[in-house]
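> One structure coming up, written as structure tokens, with questions to follow.
The values are calculated or read from the model by the stated rules, or taken from the named source; none is laboratory data. Everything numeric here is computed off the predicted structure, so don't read it as measured data. As a convention, Cβ positions derive from the backbone with ideal geometry for all residues, glycine included, and neighbour counts pool all protein chains shown.
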Amino acid sequence: MAKVFGNFHLALLIGIALLLAAMFGLHGDQLTSGGYAWAQWFRFVHVFASILWIGLLYYFNFVQIPTMPSVPAELKPAVSKYIAPAALFWFRYSALATVILGIIVAELQQGGFSGRALTFQEGYRSIGLGMWLGLIMAANVWFVIWPNQKRALGIVSTDDATKAKSAATGMIASRINLILSIPMLYCMVSQSHIGAG
């Protein structure tokens, strides 16, 4: 069992196999007849990507950033050279996937949905605000957090003063995303479950 569950790729394949079993077990007639709502598939992948993105944002803010000062100096390179770069890879690409898939879901649901939401038209205000917050957060990931973390972690060579300044800037940008994630999540959930606004 340890060999199976200890292998990330194998565990992921098992999860995908179970997903397919659930899909065909619950909606096999729709899948085989061509009546399956593929927009819902994109919604599932959008939600999966967003959970990965926001989960990593929360990992950085709830665990890594507060814990790093208490990590002994000799152990810090394990985080900065191995864990953080890997987490940042998944963090930035899950942010990108979330945005792209979110736009696809919106447009599959209704042509012009994104435009109506982003201009806060009646019935689209909640999701529109959530989309704007998500876009700001994704831009923050790619254009502020990632460039600064590359310097702070030594992925890009720079002097110690620039590393320290980049670490502080990256942390502040990450905290801004933490703050924005809370109303963003509310807006995304409220569109379907509370009211469109």
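> Taking the criterion of being in contact (Cβ under 8 Å) with a residue 60 or more places away in the chain and part of a loop (DSSP other than H, G, I, E, B), would at least one residue in region 155-175 satisfy it? Steps first, please.
Narrowing region 155-175 to residues in contact (Cβ under 8 Å) with a residue 60 or more places away in the chain: 155, 171, 174-175.
So of that shortlist, the ones also part of a loop (DSSP other than H, G, I, E, B) come out as 155.
Checked region 155-175: at least one residue is in contact (Cβ under 8 Å) with a residue 60 or more places away in the chain and part of a loop (DSSP other than H, G, I, E, B).
> Considering only region 178-195, I want to know if a residue exists there that is outside any helix (DSSP H, G or I) and modelled with pLDDT under 95. Break it down stepwise before answering.
Narrowing region 178-195 to residues outside any helix (DSSP H, G or I): 194-195.
Among the residues that remain, those that are also modelled with pLDDT under 95 are: 194-195.
Scanning region 178-195 turns up at least one residue that is outside any helix (DSSP H, G or I) and modelled with pLDDT under 95.
Yes/no matrix, rows are residues, columns are (1) over 24 Å from Phe91 (Cα atoms); (2) surrounded by 12 or more Cβ atoms within 10 Å (Cβ to Cβ); (3) of a type in the set (A, V, I, L, M, F, W, C):
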position	(1), (2), (3)
Leu31	yes, yes, yes
Gln40	no, yes, no
Arg43	no, yes, no
Val47	no, yes, yes
Ser50	no, yes, no
Leu57	no, yes, yes
Gln64	no, yes, no
Pro69	no, no, no
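> Checking the conditions here, which among Leu133, Leu129 is closer than 20 Å to Ser174 by Cβ, touching a Pro at 6+ places or on another chain (Cβ under 9 Å) and of a type outside the set (Lys, Arg)? Give the steps one after another, and end with the answer.
Working: Leu129 fails: closer than 20 Å to Ser174 by Cβ.
It is Leu133.
> Can you go through Arg125, Arg92 and tell me which one is within 19 Å of the chain's Cα centre (by Cα) and among the basic types (Lys, Arg)? Let's see the steps before the verdict.
Details: Arg125 fails: within 19 Å of the chain's Cα centre (by Cα).
Within the list Arg125, Arg92, the selection yields Arg92.
> Moving on to the next point. Does Ile136 satisfy being surrounded by fewer than 20 Cβ atoms within 10 Å (Cβ to Cβ), among the β-branched types (Val, Ile, Thr) and in contact with a Leu (Cβ under 9 Å, 6 or more places away or on another chain)?
In short, yes.
> For a quick check of your reading: which helices (runs of 4 or more DSSP H) sit entirely within region 1-88 and have at least 1 residues that are within 19 Å of the chain's Cα centre (by Cα)?
Passing ranges, in order: 8-33, 38-59.
> Do any residues in region 92-119 that are in contact (Cβ under 8 Å) with a residue 60 or more places away in the chain and farther than 22 Å from Trp142 by Cβ have Cβ atoms under 8 Å from those of residues that are hydrophobic (A, V, I, L, M, F, W, C) and crowded, with 18+ Cβ neighbours inside 10 Å, where the two are at least six apart or on different chains, and which pairs are they?
Partner pairs satisfying both residue conditions: Leu108/Phe42.
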